[in-house]
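Here the structure comes first, spelled out in structure tokens, and everything after it is commentary.
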Amino acid sequence: MYEAPDRYKRMISARLPDGESLAFSAGKADLENSPLRDAQLLARAHLAPFFAAANVVAAAMVIACLWSEVSLVWLGGWALAVAAANMLAMQMARTQAITHVGRSGGRLPDWVMVADVSARAALWLSLPLYVFPTLTANSQVVLASITAGLGIASLGLVVVLPCVIAWMASFTAGLSVVLVIGRGSVPFEHMLTILFTLGVAIFGVLAVARWAFAQLKTNADVGSQSESASLLLQEYEQRGVGWLWEVDSENRTTYISSRMIALLGRPASQLLGHSLPALLGGKAELGRKLLEKAPFANLEMELETTHGSRWISIAGDPIIDTADRFEGFRGVGSDITEIRQTQERLTHLANMDVLSGLPNRGRVRQLLGEALRAATAANHACAILFLDLDGFKPVNDTFGHPKGDAVLRAVAKRLVQEVGSGGSVGRMGGDEFAVVIPDAQSRTKVEQLAQRIIDSVKQHYDIDGTRIEIGVSIGCAFGPMDGATVDDLILKADLALYEAKGAGRGIARYFSSELQSEKEDRVRMEADLRAALANKQFHLVFQPLIAARNQKLVGFEALIRWNHPTRGLVPPNDFIPVAEEIGVMPAIGEWVIDEACRAAATWPEAISVSLNVSPKQIILPSLPNLVSEALARHRVQGNRMELEVTEGVFLGDNGPTLDVLGRLRALGVGIALDDFGTGYSSIGYLNKAIFHKLKIDGSFVREAGTRPDNIAIIQSIVQLAQSFRMSVTAEGVETPEDFERMRELGCDTIQGYLFGRPLSYARANEMVVGLANKRMAG
């Protein structure tokens, strides 16, 4: 059998599982080559000398009692046969304990051992049964007593229950015969004594046999589990997955893997016997965990080694002995340096706007939150400046997105130069930027900075020989006086920006009481939004989704539009945030889902419909039921609907969100992660088995032709999606070159102006009908 090395035995808990082990539940054939059978054979060999000696001593007692009544030739020959048979059987038991144990040992059936015991019982009983009728009454009593007493010798067979039964049955039968023969000469009270002795022997030996079998069973199970665990631990260490450690009750190291010794760069003699927290740099958190004497996991710490700074993660469990005394800790650890570095890179990517290299919207909010908390604690002001470029949309429309993106990068560079170390510049999206100023005690300096930004941005830009001129409007709010929360302060800065845009542009405005008219307009918009659904002012438009492989139409993205009777066409970015804040977004979202299903029901099954879901709606437990009812109402299969969510839905407590998404997936509805890589860090959620698609933001796509790092990012996203068995959609594809590039990079679906702008239902339906006619013609 495999014997676990001591160091691994120390790492293995001896506790048995709750359920019955394989050794208990195995059939007879498996038992004969199991760890339990090995233990039986070894114990049988260990007890064989006792059993043989009991037989020989009993034979000697018979000779001593009967030598005057029975021929010494008979007695001597019988005794020699008994002794020889038992010595031979004892040697065979020892040999079988070598040749029939372990994985390579031969099978030893029960009947072989039972036959051996039965033969020795028959040999021993042969003389008493033969001479019993010729003996005097006293000699009969003595011989019957010795025979009954020898039944107790089956204690030497207790590890193999069938052998015990065979021995006791043989001696019970033999004793019954001699008592029947001697019923006329053996006194009744002596018979009772002999029978009582035999009965006690039978019940006592059987009880001991059952107990011994249970003990062997337990030991065999523990040994088997110990062997498996030892092999797993060796595999764990040898494959370099991690390392093992153990400390005593004083937190002194008693065992540590060679991989950790190599990582620390010190000989084992300088590690064993020393405090583990001290060896790992005196980390207070590790010391607290060990003092708590409770299990812990995923404790990450930075470690200075001869190879430089490394990050490790360790876990441990307390060692408690059978007397419930604490004896130390044992656990595992691993080097997570590369994982940490990858996480930091991904976090940086998630917090960075790819186009400009500035912090993105999510990171700006974090920076503003930090500045606001610090300003509140120190009783001074901070500021947020919202910047919106004036005249930028015509740049995109006239010169195209590549030149527009170049202008945005140039603006970002000028903003960073003007702000310097006094604040942080971020891009909120599109042509909007923000500046967070942690120390805004001097309002004059903030106003001077705003003016410098306006003067700098309005200077012309030379983009590939094209002269481009734009401007910028700025809205500013001061915290905490204008707003005590990030959302409130952003709203106030946004109101100031709206005032600046309405006052002629190219100027800065600061939130004040004079902006109450803006609030009143906001109130009117809220009232209009509440009535818009009932007044049927919303409608859907549909942007085509094209398969990259064959350029065939595979679906549409449904987009909501609000046509207000006096405001005109209100952009979704203007009314959706307001709708979310006032709580009407769930009702609007329900209408969008129903309308999207209504449209899908009129199209072939090959055409799917995707739609965006508001972060306010995705957390509603009723959403899966709402979707299920809409699908059933319009008789649309769940796999024809796809819901798009942004990375922002995972801020805060994401447990309810993941539950809702999981229930939606159970309906067959697809879940796509929209604008991947442009918002919050979402890598940790990709392994939740809820997403089936990633959508690459158009800013990545448009820059791919001029920025090699964008191609590398897109390749990474595609590889990441493939590793999670997700498909990839590229948004913002506007040129044939963009399409070919995205297809070569492995994108599955294409969306953008190259294949169609958002269409009314009628136009989208014409597109579907045209596709169907082509298929029929083909």
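The values are calculated or read from the model by the stated rules, or taken from the named source; none is laboratory data. Owing to the predicted nature of the structure, the values given are computational and were not obtained by experimental measurement. Glycine also receives a Cβ, built like all others from the backbone with ideal geometry; neighbour counts cover every protein chain displayed. When the accessible area is computed, the model is the full protein with side chains, heavy atoms only, and any ligands, DNA or RNA have been set aside. Shrake-Rupley method; radii C 1.70, N 1.55, O 1.52, S 1.80 Å.
The three principal axes of the C-alpha atoms in the range 389-468 carry coordinate ranges of 42, 22, 18 Å, sorted with the longest axis first. Expressed as a whole percent, the accessible area of the range 426-493 that falls on carbon and sulfur atoms is 45 (1.4 Å probe). Consider a paramagnetic label point 7 Å from the Cα of residue 248 along Cα→Cβ; state which residues of the range 275-296 have an amide N under 12 Å from it. Answer for the range 275-296: 275.
Each label was represented as a point 7 Å from its Cα along the Cα-to-Cβ direction; for residue 466 and residue 421 these points are 3.9 nm apart.
The Rg/Rh ratio for the range 496-556 is 1.30, where Rg is the radius of gyration of the alpha carbons and Rh is the Kirkwood radius.
Converting phi to 3J(HN,Hα) with the Karplus coefficients 6.51, -1.76 and 1.60 and the offset θ = phi - 60°, the range 118-126 yields 4, 5, 5, 5, 5, 5, 5, 6, 4 Hz in sequence order, with x at every glycine or proline. What the phi angles of the range 383-389 give under the Karplus curve with 6.51, -1.76 and 1.60, with θ = phi - 60°, is a coupling list of 8, 10, 10, 9, 10, 10, 5 Hz, glycine and proline written as x. Ligands, DNA and RNA left out, the accessible area of the range 37-137 computed with a 1.4 Å probe is 73% carbon and sulfur. Between residue 456 and residue 561, the FRET efficiency from the beta-carbon distance, with R0 = 45 Å, is close to 0.80.
You can think of it this way: the chain between residue 274 and residue 666 has 135.8 nm of extra reach, that is 0.36 nm per residue less the Cα-Cα gap.
Backbone amide hydrogens, once placed in the peptide plane, bring residue 390 within less than 5 Å of 471, 472, 473, excluding anything fewer than 5 places away on its chain.
Packing-based ranking of 410-421, 357-368 yields 357-368, 410-421, ordered from highest to lowest mean Cβ neighbour count within 10 Å. The phi-based Karplus calculation (6.51 cos²θ - 1.76 cosθ + 1.60; θ = phi - 60°) puts the 3J(HN,Hα) values of the range 355-368 at 5, 9, x, 9, x, 8, 4, x, 5, 4, 4, 4, 4, 5 Hz, whole numbers, x for Gly and Pro.
Rounded to the nearest 0.05, the FRET efficiency derived from the C-beta distance between residue 203 and residue 98 at R0 = 56 Å is 0.95.
The C-alpha atoms of the range 259-362 occupy a region whose extents along the principal axes are 64, 31, 20 Å, arranged from largest to smallest. Computed from label points 7 Å out along Cα-Cβ, the spacing between residue 130 and residue 719 is 8.9 nm. In this structure, residue 606 and residue 712 have a Cβ-Cβ separation that, at R0 = 25 Å, corresponds to a calculated FRET efficiency of about 0.15.
In terms of its alpha-carbon gyration tensor, the range 569-613 comes out prolate; a/c meets the 1.5 threshold, and the first ratio a/b outweighs b/c.
The amide H of residue 759, built 1.01 Å from its N in the peptide plane, has 542, 543 as neighbours under 5 Å, considering only residues 5 or more places off or on other chains.
Comparing Cα centroids, the range 516-546 and the range 320-381 end up 39 angstrom apart.
On the principal axes of its alpha-carbon atoms, the range 361-403 has extents of 49, 18, 10 Å, going from largest to smallest. Given their separation in residues at 0.36 nm each and the Cα-Cα distance between them, residue 322 and residue 441 gain 36.2 nm when the chain is fully extended. Distances between placed amide hydrogens fall under 5 Å for residue 537 paired with no residue 5 or more residues away or on another chain.
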